[in-house]
Each structure stands twice: as C-alpha cells, then as structure tokens.
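The values are calculated or read from the model by the stated rules, or taken from the named source; none is laboratory data. Nothing here was measured: the structure is a model prediction, and the numbers come from that model. Cβ placement follows ideal geometry from the backbone for every residue including glycine, while neighbour counts extend to all protein chains displayed.
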C-alpha cells in the first residue's frame, strides 16, 4: 500500500519511504528485544518480604500481587527521599502518564510506586497531582530501594522500574531498568524507561525533537 499526503513532493516521499523502512526495522527490533526480555531465566529470589507503608497501613511485597491477574508486579522507585522538599519533575511527568494507564494494566498485572520518604509524602503528591489510580507506598525503614537500586549507598534517589514474578518457589526478580547505568551515546541520557513514557515518544515524532527536556513540576 502506497500512502501519500496532499501536496507532498517527490523528495519528501523518497525520504519518507526510506524512513518508513527504518521504522519497520525498528519495529522488528523492538519485538525481538521484548521477546528476549520475556525469555530471561528466573532472576534472584527476593531476600525478604519487604514491609511497605500505605495509607491503609502495612502491606508486604507478597501482598502487592493482586489475585486473578498474572503473578507479576511492576514496582517503580520514585525519586522522593525523606529530605527532599519536592519530588523529581521527570519521575512526576512519567507517573502523570502512568496513572491513566493503571486501569488497563490492572486487567493484567499489579503495579505500585514506592518512595524512600514517608507515606504522608506519597499521599500528598498523589493528591496534588490528581492521581486517581497509582498505588503509593513508602519504603521507609526497609532495604527495598537500596537493594533494588532505587537509592544509592549515600541516600541518593534513583528512578528505577523493577518487575517481579511470583511462582511456587517464591518471588523472583525478572527485570530492572538497568539501561540508566549503561553508558549512553553523546547527547543522550539513560532512556531506560522511555518505552513506557508517552512524552518523549510523541516529541520524537516532531521536527524539533525532544528539545532541552527541561521539565517542571508546574508550568505558569
């Protein structure tokens, strides 16, 4: 099928067709990487049943796997430490988008967000942002964020997505967004969760690209 648009010229169509071939190759590569990710052997068993704090009290890692869904949990470490006056604008932008996807994700998997700060901070930011669906948890007092690279040894906060799988042998780690630790090409950042983040995917379609990426919590 040949697609054209009003008033395009031959030079545009030739360049667009060349890009289209590259986009199709990228589609194949994305699927190949996804298949490789799915076929990972079982990761390490979690060292303890971490006890998080929610607005309704303590909830353990094992209790985050909701019934009647895949035995899979995605747990995002949000950069909002106990001494931080405000959360990371980039994490917040990501979660703004993810909140709307939760009702769809809930049909298949379990998902939650953890911060190193207090549960009061977690609830406050969710309320301020108008998040309706994200399950917000505090990992304060646990080693979860330290063990799974959501926090550095000196208390620095890291934006880490981890996926866990529950089997008869217990809870095992399946995947983490380690790409942020892998050296990026010049002019790039880690892009470790870009595949889950609509903002950058939309901007990548535009003539100007991603711009300076200077995100804020609020815009005047």
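Worth a mention:
- Among strands (runs of 3 or more DSSP E) entirely within the stretch 1-113, having at least 2 residues that are under 18 Å from the mean Cα position of the chain (by Cα) singles out 72-78.
- Tabulated pairs, the stretch 29-52, first over 14 Å from residue 75 (Cβ atoms), second part of a helix (DSSP H, G or I), C-beta under 7 angstrom, 6+ apart or interchain: 47/147
- The stretch 156-169, residues that are assigned to a loop (DSSP other than H, G, I, E, B) and touching a strand residue (DSSP E or B) at 6+ places or on another chain (Cβ under 9 Å): 158, 159, 169
- Long-range neighbours under 6 Å by Cβ, at least six apart or interchain, first residue over 7 Å from residue 52 (Cα atoms) within the stretch 133-144, second buried (at least 22 other Cβ atoms within 10 Å of the Cβ): 134/113; 136/113; 136/122; 142/50; 144/50
- Checking each residue in the stretch 177-198 for being in contact with a helix residue (DSSP H, G or I) (Cβ under 6 Å, 6 or more places away or on another chain), outside any loop (DSSP other than H, G, I, E, B) and modelled with pLDDT under 90 picks out only 194.
- The sole residue among 153, 120 that is surrounded by fewer than 17 Cβ atoms within 10 Å (Cβ to Cβ), in a loop (DSSP other than H, G, I, E, B) and over 16 Å from the mean Cα position of the chain (by Cα) is 153.
- Scanning the stretch 199-220 for residues that are out of contact with any helix residue (DSSP H, G or I) (no Cβ under 6 Å at 6 or more places or on another chain), in a loop (DSSP other than H, G, I, E, B) and closer than 30 Å to residue 108 by Cβ gives 204, 205.
- Top-ranked residue of the stretch 170-194 - restricted to ones that are at negative phi and in contact (Cβ under 8 Å) with a residue 60 or more places away in the chain, ranked as nearest to the chain's Cα centre (by Cα): 193
- Residue 211 at positive phi and touching a residue at least 60 places away in the same chain (Cβ under 8 Å): no
- Candidates 56, 7, 68: the one that is without any contact (Cβ under 8 Å) to a residue 12 or more places away in the chain, closer than 25 Å to residue 127 by Cβ and loosely packed, with under 12 Cβ neighbours inside 10 Å is 56.
- Residue 167 vs. criteria modelled with pLDDT of 95 or more, closer than 29 Å to residue 40 by Cα, exposed (fewer than 15 other Cβ atoms within 10 Å of the Cβ) and assigned by TED's automatic domain parsing to the domain that holds residue 97: no
- Sole exception among (1) in contact with a strand residue (DSSP E or B) (Cβ under 7 Å, 6 or more places away or on another chain); (2) in a strand (DSSP E or B) for residue 134, by number: (2)
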